[in-house]
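**Q** Below: one structure in structure tokens.
The values are calculated or read from the model by the stated rules, or taken from the named source; none is laboratory data. Quantities reported herein were computed from a predicted structural model and do not represent experimental measurements. Don't worry about glycine lacking a Cβ; one is built from the backbone with ideal geometry, like all the others, and counts go over all protein chains shown.
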Amino acid sequence: MLSVCMAAYQGESYIGLQLRSILPQLSDEDEIIVVDDASTDATCEEVAALRDSRVVLIRNPENQGVLRTFETALSRSSGRIVFLSDQDDLWLPQKVETVLEAFANDPALMLVTSDAMLIDEGGATIGASFYAKRGKFQSGLWSNLLIGKFHGCTMAFRSVLLETALPFPPGRLVHHDTWIGCVNALIRGKTQYIPEPLVAYRRHASNVTGRVKLGNYTRFKMRSQMLFGLLALWRGGRRKKRGLHR
């Protein structure tokens, strides 16, 4: 069983298309956890209109932000493999099969990420490779603390990673995907990058979960929250090890 976790907000324009690109790739036992972050448009109606029992819709009573909304979705997931999904992209037909094959071929593999093609509001291709514009993918802890290379819509991981990655650090500034990638690096989990585009990443004016330009002070606060959160995990892990050896 696998779980797809999606944070939704004001997504009526694209969320139905995205879910329809995902559902044909899933088995009857799989699930999509959609957490709506108090949208005021028809996002929830678009999700409900699919009438698919594999889609679980959760509504936040008030806006929580992207980080907390993904945290809710992940905490409700039950699959052994967890995929992250944005509300406005499209999954290419071979995404699930390719990712699951990577996990099956390497039992030690903890996290898989891939390249993505870029599309515009109307679905026209505007770039063949996301990482060609963003720079070479790197999975290392320190490199991602400086510049996050993990991109949520391209990521999947074994659910055991959530035992360490949840809960997310306090506040709203930390990026959920960078946090999960850095936690995996901290615990020395194996990461595989697939250079093949498996997602059509939609670029448009109202992207909710995409990267936005942050001011220097905001970037400093975000990285500080990341660093303090990771230090807390590391110290907690050391205390557990000391307890086991007493």
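**Q** Taking the stated definitions as given, is THR72 surrounded by fewer than 24 Cβ atoms within 10 Å (Cβ to Cβ), β-branched (Val, Ile, Thr) and over 17 Å from MET6 (Cα atoms)?
**A** The answer is no for THR72.
**Q** Go through (1) surrounded by fewer than 19 Cβ atoms within 10 Å (Cβ to Cβ); (2) among the polar types (S, T, N, Q); (3) over 21 Å from LEU198 (Cα atoms) one by one and return the number of the condition THR125 breaks.
**A** Only one criterion is unmet by THR125, namely (3).
**Q** Free of Cβ contacts under 8 Å to residues at least 40 places away in the same chain and under 24 Å from GLY123 (Cα atoms): does that describe LEU19?
**A** yes
**Q** While we're here: Which ones in the range 1-32 are under 24 Å from LEU162 (Cα atoms), part of a helix (DSSP H, G or I) and out of contact with any strand residue (DSSP E or B) (no Cβ under 6 Å at 6 or more places or on another chain)?
**A** LEU19, LEU23, GLN25
**Q** Read through the list (1) surrounded by 12 or more Cβ atoms within 10 Å (Cβ to Cβ); (2) at pLDDT below 75; (3) more than 24 Å from ALA102 (Cβ to Cβ), then give the number of the only condition that ARG223 fails.
**A** (2)
**Q** What is the one condition in (1) of a type in the set (Asp, Glu); (2) within 19 Å of LEU84 (Cβ to Cβ); (3) out of contact with any Phe, Trp or Tyr (no Cβ under 9 Å at 6 or more places or on another chain) that ASP28 does not satisfy?
**A** Failed condition: (2).
**Q** Follow-up question, since we're still on this one. Would you mind listing the helices (runs of 4 or more DSSP H) fully within the range 74-186 where at least 3 residues are touching a helix residue (DSSP H, G or I) at 6+ places or on another chain (Cβ under 9 Å)?
**A** 95-105, 141-146, 162-165, 176-186
**Q** Pairs only if they're at least six apart or on different chains, beta carbon under 8 angstrom, first in the range 40-60 and over 11 Å from GLY11 (Cβ atoms), second among the hydroxyl-bearing types (Ser, Thr, Tyr); list them, first residue then second.
**A** ILE58/THR72; ASN60/THR69; ASN60/THR72
**Q** Sort through GLN94, GLN64, GLN138 and tell me the only one that's under 17 Å from the mean Cα position of the chain (by Cα) and in contact (Cβ under 8 Å) with a residue 24 or more places away in the chain.
**A** The unique qualifying residue is GLN64.
Residues checked against (1) farther than 25 Å from LEU161 by Cα; (2) in contact with a Gly (Cβ under 8 Å, 6 or more places away or on another chain); (3) at pLDDT below 95:
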residue: ALA73; (1), (2), (3): no, no, no
residue: SER77; (1), (2), (3): no, no, no
residue: ASP89; (1), (2), (3): no, no, no
residue: LYS95; (1), (2), (3): no, no, no
residue: ALA102; (1), (2), (3): no, no, no
residue: VAL112; (1), (2), (3): no, no, no
residue: GLY127; (1), (2), (3): yes, no, no
residue: GLY140; (1), (2), (3): no, no, yes
